[in-house]
Amino acid sequence: MKQITFSYLNKEFTLDLEKGELFGDDEIIKQQIIQGINRCNNEVLGGHNTRFKCTNITEPYKNITQFAMAFYYGVTKMIDYPNELNEYLPYFKPVEVDYTGLTEEDAEIVRQIHRTTYY
């Protein structure tokens, strides 16, 4: 996996992870992406009260997880987020809960807590 191709605003872009460069024909949108990614450089994204694991953004053009996170937070905030990058976001995994022995009322309380908590 040295190159990732994705669509954003109906334009195609390619991230070359070896070279650490973003390529695309639409220079205006490309610059918007680069500015958004660069705003997130040297930041820690995700973690507390989000659905993503903490990710330290240090080399977003050479690390697809960092690029995907910086794109999410710096460029789109999930509006028009490229489907091709979604699989690289570091989602927390859902936790399996054993409701054995709980009353239905207690089980519903636990369900509500788990809907809003990420692990």
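The values are calculated or read from the model by the stated rules, or taken from the named source; none is laboratory data. Just so we're clear, the structure is a prediction, and the values are computed from it rather than from any experiment. No Cβ is skipped: glycine too gets one built from the backbone with ideal geometry, and neighbour counts run over all protein chains shown.
For region 37-45, does any single residue satisfy the condition of being part of a strand (DSSP E or B) and free of Cβ contacts under 8 Å to residues at least 60 places away in the same chain?
yes
Could you tell me which numbered condition E18 fails, if it satisfies all but one of (1) under 21 Å from Y91 (Cα atoms); (2) in a loop (DSSP other than H, G, I, E, B)?
The number of the failed condition is (1).
Out of (1) under 30 Å from Q112 (Cβ atoms); (2) without any contact (Cβ under 8 Å) to a residue 24 or more places away in the chain; (3) among the hydrophobic types (A, V, I, L, M, F, W, C); (4) touching a Phe, Trp or Tyr at 6+ places or on another chain (Cβ under 7 Å), the odd one out for I79 is which?
Only one criterion is unmet by I79, namely (4).
What tally of residues in region 50-63 results from selecting those that are surrounded by fewer than 17 Cβ atoms within 10 Å (Cβ to Cβ) and touching a residue at least 40 places away in the same chain (Cβ under 8 Å)?
Residues meeting the conditions: 3.
Which residue pairs have Cβ atoms under 7 Å apart, sit 6 or more places apart or on different chains, and have a first residue in region 86-112 that is more than 16 Å from T65 (Cα to Cα) and a second that is surrounded by fewer than 10 Cβ atoms within 10 Å (Cβ to Cβ) and not aliphatic (A, V, I, L, M)?
V95/Y119
For the condition assigned to a loop (DSSP other than H, G, I, E, B), modelled with pLDDT of 90 or more, surrounded by 12 or more Cβ atoms within 10 Å (Cβ to Cβ) and aromatic (F, W, Y), what is the one hit in Y118, Y88?
Y88
Quickly run through region 50-76 and pick out the residues that are in a loop (DSSP other than H, G, I, E, B) and touching a Phe, Trp or Tyr at 6+ places or on another chain (Cβ under 8 Å). Step through it out loud before you land on a result.
Going through region 50-76, the residues in a loop (DSSP other than H, G, I, E, B) turn out to be 50-51, 53-54, 57-63.
Result: T50, R51, K53, P60, Y61.
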